[in-house]
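Working notes for the structure below.
The values are calculated or read from the model by the stated rules, or taken from the named source; none is laboratory data. What you are looking at is a predicted structure, and each value in this text was computed from that prediction instead of being measured. So basically every Cβ, Gly included, is an ideal-geometry build from the backbone, and we count neighbours across all protein chains shown.
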Amino acid sequence: MGRQNLLAACNLSEDHMDSAQNPKQASTDQRPLMMPANVRAGQVLGLVEIVGGLGTAVDAAKLADEFGGDLVTLLPILDTGEMLGLVKAEKGDISLTEFGLKFQKTSKYKVRLLKDQLSKIEPFKTALEIVSQKGSTSAAEIAEVLWDKDIRWHHTPEMNEKLVQTLLIHWAIYDGLLSYNVNGKFQKG
């Protein structure tokens with residue numbers, strides 16, 4: 001994955017990343033893809049716009065400057081962009097994928113183009129599975145099922161549930177993957 005290349009190019013290690021902010025990911029054979037808890041759709045939209053506006057391949061350090069932060073702040077956003085198939089990182093350079101270029105050129109409802117990608121990433125994958133079985137579900141139920149699978153964003157169940165709920169609201173509802181019903185439960189969007 002590009003993250004390892006980017007970290008190596010910037011002389012950083014995984015130890016620089018706080019696991020509560022950005023869960024460490026093993027290879028996809030061992031662990032499922034997990035959306036970083038602190039990344040919002042607007043940040044990824046900004047990343048795509050900036051990379052697309054700066055040219056075909058942008059140096060990671062320059063991108064961090066343009067984005068208004070340092071590389072450690074940028075890494076979870078890059079991870080998310082890579083998971084969604086929008087950007088790729090090679091030898092310290094960031095560029096848009098073919099899908100990223102299409103995404104950048106779309107004028108309306110950009111995030112809705114991400115439904116297929118989001119449905120493969122936790123917690124959205126599990127939320128969709130539960131909703132397809134039960135019709136609706138709560139953030140608590142989703143967090144509990146994920147906890148039992150050893151998928152968590154925080155070491156305390158209460159905070160983990162809040163992070164799952166926040167991710168579902170900021171991504172799955174915004175994307176139209178799920179909606180929130182009058183009973184405070186998530187259902188098919």
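Name, by its number, the condition in (1) part of a helix (DSSP H, G or I); (2) in contact (Cβ under 8 Å) with a residue 24 or more places away in the chain; (3) within 22 Å of Q187 (Cβ to Cβ) that does not hold for K120.
Exception for K120: condition (1).
Looking at T73, is it farther than 29 Å from N160 by Cβ, modelled with pLDDT under 95 and surrounded by fewer than 16 Cβ atoms within 10 Å (Cβ to Cβ)?
Here the answer is no, as T73 does not meet what is asked.
Among T156, T137, which is the only one that is of a type in the set (S, T, Y) and crowded, with 16+ Cβ neighbours inside 10 Å?
Checking each option against the conditions leaves just T137.
Taking the options D175, D150, D116, name whichever one is surrounded by fewer than 14 Cβ atoms within 10 Å (Cβ to Cβ) and within 15 Å of the chain's Cα centre (by Cα).
The conditions single out D116.
Looking at the structure I just gave you, is E122 crowded, with 19+ Cβ neighbours inside 10 Å and of a type in the set (D, E)?
yes
Among (1) in contact with a helix residue (DSSP H, G or I) (Cβ under 9 Å, 6 or more places away or on another chain); (2) of a type in the set (K, R); (3) not in a helix (DSSP H, G or I), which single condition is K108 missing?
The failed condition is (1).
Might you let me know whether the range 49-71 holds any residue that is outside the structural domain of L146 (by TED's automatic domain parsing) and under 23 Å from I142 (Cβ atoms)?
no
Restricting the search to the range 78-98, which residues are without any contact (Cβ under 8 Å) to a residue 40 or more places away in the chain and either surrounded by fewer than 15 Cβ atoms within 10 Å (Cβ to Cβ) or not polar (S, T, N, Q) (or both)?
Passing the criteria: G81, G85, D93, E98.
Considering each residue of the range 50-99, count those that are in a strand (DSSP E or B) and of a type in the set (F, W, Y), and give that number.
Count: 0.
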